[in-house]
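The block underneath contains the structure these notes are about, expressed in structure tokens.
Read-outs: derived from the displayed coordinates by stated rules, not from any lab. Predicted model, so just to flag it, every value in this text is computed and none were measured. Positions of Cβ are backbone-derived with ideal geometry, glycine not excepted, and every protein chain shown enters the neighbour counts.
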Amino acid sequence: MSTTPPPAHRIRFLALCVFHHQGKILVNVFEDPATGQTLCRPLGGGIEFGELGRDAIAREIDEELGQPISDVQLLGTLESLFTYAGKPGHEIVQVYDARFDDASLYLQAWLAGQETDGSAFRARWCDSADLAGIGPLVPQGLQALLRDLSLLG
């Protein structure tokens, strides 16, 4: 019998950025390995201790895309309870908008990125119709927030 306690459930604090442009947002499209469901989520990641959410976004986008950003603005905060890969999750998510310093990125259909673990991904520009055909936008409540702010066409 192991004397090591099981890992404690914890709330994760995240910062995500939508980069809205002409009715579209930038999302990473991925599958839940347990269910096979396709999901769409803006880029970003965990907020580190002592780091402001707006600084976390700048760091994450630099790490994932190697791109500088500016005009970072908080759009809202969401609380997300979910199951992913068969495990329960709980996140407090600060949702931001920002601008890429390189305007040519808005003209590309997708942007090549790399996760912290080294795995590659392609971020795509999607509007509401694209998302309806691909899979839900996560975290829950994000699509409604963006619709209410008239940022997602």
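By the count of neighbouring beta-carbon atoms within 10 Å, fewest first, 122, 59 end up ordered 122, 59. Residues in the stretch 85-96 carry Karplus couplings, in order, of 6, x, 10, x, x, 9, 10, 9, 10, 8, 9, 10 Hz; the curve used is 6.51 cos²θ - 1.76 cosθ + 1.60 with θ = phi - 60°, and Gly or Pro positions show x. Seen against the Cα atoms of the chain and their longest principal axis, helix 53-65 is set at about 80 degrees. Sketch the reach of a paramagnetic label on residue 35 as a point 7 Å from Cα along Cα-to-Cβ, and name the residues of the stretch 110-153 whose backbone nitrogen lies under 14 Å away. Residues passing the 14 Å test: 135-141. Listing 87, 24 from fewest to most neighbouring C-beta atoms within 10 Å gives 87, 24. Full extension of the chain segment joining residue 82 with residue 101 gains 3.5 nm, where the gain is 0.36 nm per residue of separation less the Cα-Cα distance. Put in order of Cβ neighbour count within 10 Å, fewest first, the listed residues 150, 80 become 150, 80.
Phi angles across the stretch 33-41 convert, under the Karplus curve 6.51 cos²θ - 1.76 cosθ + 1.60 with θ = phi - 60°, into 3J(HN,Hα) values of x, 7, 10, x, 6, 7, 10, 10, 9 Hz, Gly and Pro given as x. Restricting to Cα pairs below 8 Å that are 6+ residues apart, what does the relative contact order work out to for the chain? Please round to a whole percent. So the answer I get is 30 percent. Length gained on full extension, residue 59 to residue 90, computed as 0.36 nm times the residue gap minus the Cα-Cα distance: 8.9 nm.
Given q = 0.10 Å⁻¹, what are the Debye log10 I(q)/I(0) values for the chain, with equal point scatterers placed on the Cα positions and solvent ignored? Log10 of I(q)/I(0), two decimals: -0.35. Dividing the summed helix terms, -39500 (n - 2.57) for each DSSP H run of n ≥ 4, by the number of residues in the chain produces a 222 nm estimate of -5000 deg cm²/dmol to the nearest 500.
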